[in-house]
1. Among what's in segment B:344-376 and is charged (D, E, K, R) and open to solvent by 40 Å² or more (accessible area, probe 1.4 Å), pick the residue that is farthest from the chain's Cα centre (by Cα).
2. Looking at segment B:309-323, which of the residues that are assigned to a helix (DSSP H, G or I) and open to solvent by 50 Å² or more (accessible area, probe 1.4 Å) is farthest from B:Glu252 (Cα to Cα)?
3. Take the residues in segment B:353-373 that are over 18 Å from B:Phe225 (Cα atoms) and assigned to a helix (DSSP H, G or I), then tell me which one is nearest to the other protein chains (Cβ to nearest Cβ).
4. Consider segment B:447-475. How many of its residues are of a type in the set (Lys, Arg) and touching a Pro at 6+ places or on another chain (Cβ under 7 Å)?
5. Please enumerate the residues belonging to segment B:29-63 that are surrounded by fewer than 20 Cβ atoms within 10 Å (Cβ to Cβ) and closer than 21 Å to A:Ile173 by Cα.
6. Please determine, by comparing only the residues of segment A:177-203 that are within 23 Å of B:Cys513 (Cα to Cα) and either in contact with a His (Cβ under 9 Å, 6 or more places away or on another chain) or surrounded by fewer than 18 Cβ atoms within 10 Å (Cβ to Cβ) (or both), which one is nearest to the other protein chains (Cβ to nearest Cβ).
7. Could you give me the residue pairs with C-beta distances under 6 Å whose first residue belongs to segment A:110-123 and is within 11 Å of chain B (Cβ to nearest Cβ) and under 19 Å from B:Gln528 (Cα atoms), whose second residue is part of a loop (DSSP other than H, G, I, E, B) and open to solvent by less than 50 Å² (accessible area, probe 1.4 Å) wherever it lies, and which are 6+ apart or on separate chains?
8. Checking B:Pro170 against (1) under 23 Å from B:Val485 (Cβ atoms); (2) free of Cβ contacts under 8 Å to residues at least 12 places away in the same chain: exactly one of these is not met. Which one?
Amino acid sequence: MSDTVTLTINGRSITVPRQTTILDAARQLGIDIPVICYHPHLTANGLCRVCSVEAGGRTQAAACVTACAEGMVVQTDSEPVRYGRRTILEMLAATVNLAEAPEILALIAEYGADAARFPDAVQRESPIHDDNPFYLRDYNQCINCWRCVQVCANDAQFAFALNFDHRGYFTTIGTFMGDGLMDTTCVFCGQCVGVCPTGALKPKRQALLEQGVDPDDIFYQTRQKRKRKP
Amino acid sequence: MEATSTHAIDLTLLESVLVRYYGRSRSALLPLLHEAQAIYGWLPREVQEAVSRTLRVPLADVHGVVEFYAMFYNEPTARRVVRVCEDIACTLRGADAVAQAIEAELGLQPGETSADGRVTYERVPCLGMCEHAPNGLNGTRLAGDLTATAVPDFLAGVHPEPEPKIYGTPLLKLGRIGKMDPLSFKDYLAHDGYVGLRRVMQYTPEQIIQIMESSAILGRGGAMFPIGLKWKFTRGAPGTPAEKHIVANADESEPGTFKDRAILEGDPYSLIEAMSMAAYVVGAENGWIFVRGEYPRAYERLCHAVQRAQEEGYLGRNMLGRQGFHFNIEVRLGAGAYICGEETALFEAIEGKRGFPRIKPPFPTTNGLFQQPTAINNVETLVAALTVARIGVDEWLRFGTDESAGTKWFCLSGHIQRPGLYELPFGVSIRELIQMGGGVRPGKHIQAVLIGGAAGAFIGPEQLDAPLTYEGARQHGFPIGSGVVMVLDETADMRRILYKLSHFFAHESCGKCFPCQIGTQRQMEILQRISHDGGPRPGDRAALMDIGFTMTQTSLCGLGQTAASAIMSAIQLWPELVG
């Protein structure tokens with residue numbers, strides 16, 4: 001079996017090592033496939049499906065998790081592909097607050113998605129979790145990309161503080177029995193904040209600055225009080 | 001998610017359970033949670049912490065699992081849960097009136113627990129007893145053919161337990177049900193038990209694979225994958241027998257489907273024999289039966305049957321007197337998640353995780369349970385293979401058509417005089433099946449028939465002569481699916497039925513991929529308004545078709561890919577429903 005495969009993407013031929021994803025092969029050709037949940041340093045799970053492309057199958061294929069195959073013919077920007085992407089974006093816009101997700105807002109504009117398409121939509125709502133001195137969790141802005149759960153677990157930190165509440169549409173990120181992060185195995189490494197694409201996780205300092213709080217006050221509000229030995 | 005204990009939790013009650021789980025891995029999580037919940041009725045914080053320590057599973061992960069499965073509770077819940085089905089087959093036969101009578105009798109709304117903490121009441125998705133609609137569960141006691149007047153008996157636990165209703169000819173696969181004691185191993189042997197397995201054990205595994213390939217058995221859970229190929233691939237995958245698995249998918253949850261329950265409850269040894277044959281062919285030592293949490297009687301009988309087969313030397317090491325033939329079976333109980341009928345989500349459930357389907361490829365034949373080679377088959381498929389072993393492939397091929405060989409179980413329900421499980425050769429038309437079932441009530445006429453399940457398609461009365469074969473289904477644009485044939489006469493409120501279907505999928509979407517997670521919800525919101533919350537508006541049809549296209553084309557697994565199919569088929573047949 002050859003170590004490489006040759007396929008065509010949007011009519012252009014390319015030879016890549018076996019197991020290369022369609023997403024990576026397209027990027028080598030300078031073809032941009034949009035992504036939302038995908039992060040180059042994390043396990044790709046094919047969640048958002050915005051990277052779906054036509055690849056000769058019965059259904060479209062998520063480019064971030066589909067390996068290139070010999071003779072595959074891929075269309076990354078056909079009308080059915082754009083149709084699916086547009087609808088996913090329209091549905092997502094009716095789900096959570098995307099005001100601080102500039103990449104997604106740019107995609108909505110690019111694909112002509114109508115953010116007001118679904119007037120019946122019940123939004124996913126959640127209280128803002130302000131339970132530690134380091135960062136805020138506002139799941140009204142969370143799209144369930146799983147990045148924070150993954151970095152907290154096997155993809156980076158092995159802290160296992162985060163998992164999920166509920167299932168289906170009302171899935172949110174949660175801790176054991178809703179405990180505040182100070183009472184969990186969270187080590188406040190900040191990696192979840194670093195990979196959050198929508199502003200759902202935000203350093204407390206940044207949030208307070210945005211609210212116009214004086215930097216000196218922020219220092220007093222967020223500093224760790226040392227526990228002195230008696 | 002805040003759950004506050006109203007009284008102290010006595011953890012000593014749990015100790016005798018925990019000692020049996022020390023040293024076991026995460027894959028014991030669901031069984032341990034089931035056992036713990038049987039003690040407390042729910043899973044208080046202290047209990048989850050003890051489970052976490054015992055199996056060394058992170059607390060947050062235990063929590064995520066409890067949250068995922070509908071039958072695990074992290075809020076105070078009674079030991080006895082009364083569940084009444086709210087899905088379409090039961091709705092067509094008066095489930096609303098029954099539910100209202102239960103609510104009046106108990107003084108509870110869905111999701112509530114009585115003040116004395118003794119009973120919790122729920123409306124739940126299809127319970128797989130559609131031939132006895134409307135139906136429910138009182139704790140672990142099954143109840144069918146409920147009426148408002150039968151509710152006191154139902155709640156008192158004295159309403160008769162329903163038995164599977166079997167019809168059709170030839171009963172190649174269902175013949176023993178009702179004619180033997182499903183608990184008696186001796187009775188099974190007296191009814192041609194182990195004739196099939198002993199017969200094929202004269203052949204090599206390769207020869208049996210050839211027999212199965214010529215029998216043309218396709219997966220009968222709905223995916224239609226050829227069993228011969230699946231066994232061949234799994235046999236050929238790298239790995240020792242100790243590293244390979246046979247899994248029976250008994251997570252039958254497709255609304256309108258009640259076929260596998262008949263075997264699980266009425267002829268459990270046949271599934272064990274069929275899996276043993278699969279193990280012999282594939283070269284696998286590990287067997288798993290994953291049965292849905294809503295089938296308590298099936299679970300109990302399967303556990304009993306596995307134990308009896310072990311005692312009789314028909315499971316275990318060197319079984320059936322054959323040196324080197326080792327195979328054992330563990331029965332696993334689901335906990336209320338339709339998605340776990342998806343094969344990779346089922347693996348995740350056995351592994352003690354949330355039932356999220358995996359990305360395919362890689363496929364189960366190489367990367368299945370515990371990432372090891374796995375042959376996972378639907379119950380009916382396994383029993384069909386065993387039937388071929390018992391009667392021979394020539395006899396099998398006398399039934400059905402060239403492309404659709406043998407017999408198939410059809411789940412006939414809804415507005416039909418004689419609902420039940422019909423075993424028939426492929427090729428019978430939908431009209432003939434409905435006639436066998438006594439037709440609709442006198443003076444009524446057929447409005448629509450749902451074929452293949454909630455993930456199937458509607459047809460109108462003009463298509464009733466379509467044959468029930470794979471090729472006929474393809475030609476007429478409906479799937480055979482799990483064999484559902486649900487009849488709706490003109491009294492059915494189609495808008496309400498479509499809403500019910502959409503509600504089912506929104507409830508059962510796992511939440512992994514965006515198109516299904518969000519699409520099932522958006523679909524339900526629109527159909528809810530159309531059905532009973534304001535009526536249709538311009539643009540609804542286009543919106544539903546856009547959602548349907550997107551879910552079908554871009555969802556990660558089969559649930560999302562089919563969550564709009566029945567609804568879109570109805571919109572195409574009867575556009576006035578949504579506009």
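1. Here the answer is B:Lys360.
2. Initial filter on segment B:309-323 (assigned to a helix (DSSP H, G or I)): B:309-311, B:319-321.
Still in the list and also open to solvent by 50 Å² or more (accessible area, probe 1.4 Å): B:310-311, B:321.
Details: B:Gln310: 25, B:Glu311: 28, B:Gly321: 33 Å.
Here the answer is B:Gly321.
3. B:Gln371
4. Result for segment B:447-475: 0.
5. The answer is B:Arg45, B:Glu49, B:Ser52.
6. The residue in question is A:Pro197.
7. Matching pairs, first to second residue: A:Phe118/A:Ala94; A:Ala121/A:Ala94.
8. So the condition that B:Pro170 fails would be (2).
The values are calculated or read from the model by the stated rules, or taken from the named source; none is laboratory data. Quick caveat: nothing in here was measured; it's all calculated off a predicted structure. Neighbour counts are summed over all protein chains in view; Cβ atoms, including those assigned to glycine, are modelled from backbone coordinates with ideal geometry. We work out accessible area using only protein heavy atoms, side chains counted, and drop any ligands, DNA or RNA first. Shrake-Rupley method; radii C 1.70, N 1.55, O 1.52, S 1.80 Å.
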